[in-house]
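Here is the structure we will look at.
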Ligand SMILES: Cc1cc2nc3c(=O)[nH]c(=O)nc-3n(C[C@H](O)[C@H](O)[C@H](O)COP(=O)(O)OP(=O)(O)OC[C@H]3O[C@@H](n4cnc5c(N)ncnc54)[C@H](O)[C@@H]3O)c2cc1C
Ligand code: FES
């Protein structure tokens, strides 16, 4: 993990309210995997805390993350122009470790698709991905070329304005009898992950399912305990250090 001053290479709108920022790092940081994240300063001194964002694309010293403009920090970040310097701590957290799995279902919703894209990119030459991806509406649809590296891609929107009307979890559950997967990876809003856990249980689907969780963060590296979530045994786990990826049955959702 390194704390570096990166140069903004580009910062572009890629969908309604969604931006991709590409940072050029001053040095090689070695391996980075889908599920890991960066803690990025917004460029505005008033935002003391950095923002955790999942690594989406990596090309040598260039690292791209995608973000939805939500509050003050991401609103400011969207105004940052190429050439600006931003502090970034990376790579952080664990990742979707798919060693030993050949056929993998991908269930993603909203901004949860970005770390999943990194996992697909990293493994698509050796594994088959069956992806079920939910967007709010047609305006939010993005990065279909990356998602299209899946063997099969189903896109849903809440209002049916693009792809199938519905949501990613239902699309996956409905299609499960037609695909043979030996693992599931998922990322999305907490309510989506809760429904996924419930449905897997109801349908008797027992393949390992790895989910990436979101919590508010401080340090991003295990020291401050701002980011704890509860495990099923009632213990605290740090999302930044013990996660963000957990087996779905290990955590309370
Ligand atoms: C491991 C991880 C990976 C993430 N990856 C992505 C991604 O790839 N793309 C993306 O758009 N979003 C991602 N998020 C969520 C993203 O961090 C928040 O949307 C963002 O921090 C909001 O900042 P803000 O300044 O706009 O909001 P504000 O409400 O102004 O932020 C106030 C504080 O709350 C924190 N905060 C607010 N919402 C969240 C949230 N949902 N999760 C964590 N902290 C939050 C902020 O970091 C900040 O410290 C990720 C979160 C985590 C934990
Ligand atoms: S953010 Fe500080 S311990 Fe996780």
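Select, from 204, 222, the only residue that is more than 16 Å from ligand 1 (Cβ to nearest atom) and part of a loop (DSSP other than H, G, I, E, B).
Every option except 204 fails the conditions.
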| message | Yes or no: region 228-245 includes at least one residue that is outside the structural domain of residue 52 (by TED's automatic domain parsing), within 16 Å of ligand 2 (Cβ to nearest atom) and closer than 15 Å to residue 107 by Cβ. | response | yes
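Conditions tested, residue by residue: (1) buried (at least 23 other Cβ atoms within 10 Å of the Cβ); (2) touching a residue at least 60 places away in the same chain (Cβ under 8 Å); (3) out of contact with any helix residue (DSSP H, G or I) (no Cβ under 6 Å at 6 or more places or on another chain).
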position: 6; (1), (2), (3): yes, yes, yes
position: 11; (1), (2), (3): no, yes, yes
position: 34; (1), (2), (3): yes, yes, no
position: 37; (1), (2), (3): yes, yes, yes
position: 61; (1), (2), (3): no, no, yes
position: 81; (1), (2), (3): no, yes, yes
position: 90; (1), (2), (3): yes, yes, yes
position: 99; (1), (2), (3): no, no, yes
position: 107; (1), (2), (3): yes, yes, no
| So which residues in region 60-81 are near ligand 1 (Cβ under 7 Å from one of its atoms), outside any loop (DSSP other than H, G, I, E, B) and under 18 Å from the mean Cα position of the chain (by Cα), if there are any at all? | 65, 66, 67, 68, 74
| said: Checking the condition buried (at least 22 other Cβ atoms within 10 Å of the Cβ) and closer than 23 Å to residue 16 by Cβ, which residue from 148, 112 passes? | reply: 112
| task | Confirm whether residue 202 is outside the structural domain of residue 118 (by TED's automatic domain parsing) and loosely packed, with under 13 Cβ neighbours inside 10 Å. | result | no
| task | Using the structure shown, decide if residue 218 is within 16 Å of ligand 2 (Cβ to nearest atom) and either surrounded by fewer than 17 Cβ atoms within 10 Å (Cβ to Cβ) or closer than 16 Å to residue 173 by Cβ (or both). | result | yes
| said: Looking at region 30-58 only, could you name the residues that are within 7 Å of ligand 1 (Cβ to nearest atom) and modelled with pLDDT of 95 or more? | reply: 37, 42, 51, 52, 53, 54, 56
| field | Meets criteria (in contact with a strand residue (DSSP E or B) (Cβ under 9 Å, 6 or more places away or on another chain), part of a strand (DSSP E or B) and in the same structural domain as residue 24 (by TED's automatic domain parsing)) for residue 107 | value | no
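Residues are listed down the side, and each one gets a yes or a no for (1) touching a helix residue (DSSP H, G or I) at 6+ places or on another chain (Cβ under 6 Å); (2) under 21 Å from residue 119 (Cβ atoms):
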position: 146; (1), (2): yes, yes
position: 151; (1), (2): no, yes
position: 176; (1), (2): no, yes
position: 208; (1), (2): no, yes
position: 218; (1), (2): no, no
| remark: In the set 53, 86, 57, 49, the lone residue that is buried (at least 21 other Cβ atoms within 10 Å of the Cβ) and either assigned to a loop (DSSP other than H, G, I, E, B) or not assigned by TED's automatic domain parsing to the domain that holds residue 222 (or both) is 53
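Suppose we filter 191, 169 for residues that are in contact with a helix residue (DSSP H, G or I) (Cβ under 6 Å, 6 or more places away or on another chain), at pLDDT 95 or above and either buried (at least 19 other Cβ atoms within 10 Å of the Cβ) or in a helix (DSSP H, G or I) (or both); which single one remains?
The match here is 169.
The values are calculated or read from the model by the stated rules, or taken from the named source; none is laboratory data. Being a predicted model, the structure only gives us computed values, none of them experimental. Here Cβ is always computed from backbone atoms with ideal geometry, including for glycine, and neighbour counts include all displayed protein chains.
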